[in-house]
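The values are calculated or read from the model by the stated rules, or taken from the named source; none is laboratory data. Predicted, not measured: the structure shown is a model, and the values here were computed from it. When we count neighbours, we look across all protein chains shown, and the Cβ atoms used for this are built from the backbone with ideal geometry, even at glycine. To get the accessible areas, we keep the full protein, side chains included, count just its heavy atoms, and leave off ligands, DNA and RNA. Shrake-Rupley method; radii C 1.70, N 1.55, O 1.52, S 1.80 Å.
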Amino acid sequence: MNCPKCFQHLSTCGICGGKGYTSDFGNRLNCKSCNNTGKICSTHGGFWEK
């Protein structure tokens, strides 16, 4: 999968492991690192979606 803004390859988010969310005591929390997408662009971070 590539970033639609810069066409670079997207990496799996290291914070949530590609799930798009993190867990805290069994509760789902938004992953701020990848903007809940599970993927990260090296240029645009988690805000790669249009």
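For the reader, a short list of remarks on this structure follows.
- Taken together, G26, G45 contain a single residue that is open to solvent by less than 60 Å² (accessible area, probe 1.4 Å) and free of Cβ contacts under 8 Å to residues at least 24 places away in the same chain, which is G45.
- Selection from the stretch 11-23 of residues that are open to solvent by less than 70 Å² (accessible area, probe 1.4 Å) and β-branched (V, I, T): T22
- The set of residues in the stretch 6-29 that are in a strand (DSSP E or B) and closer than 11 Å to C41 by Cβ comprises H9, S11.
- Filter result for K39 (out of contact with any Phe, Trp or Tyr (no Cβ under 6 Å at 6 or more places or on another chain), basic (K, R) and surrounded by fewer than 15 Cβ atoms within 10 Å (Cβ to Cβ)): no
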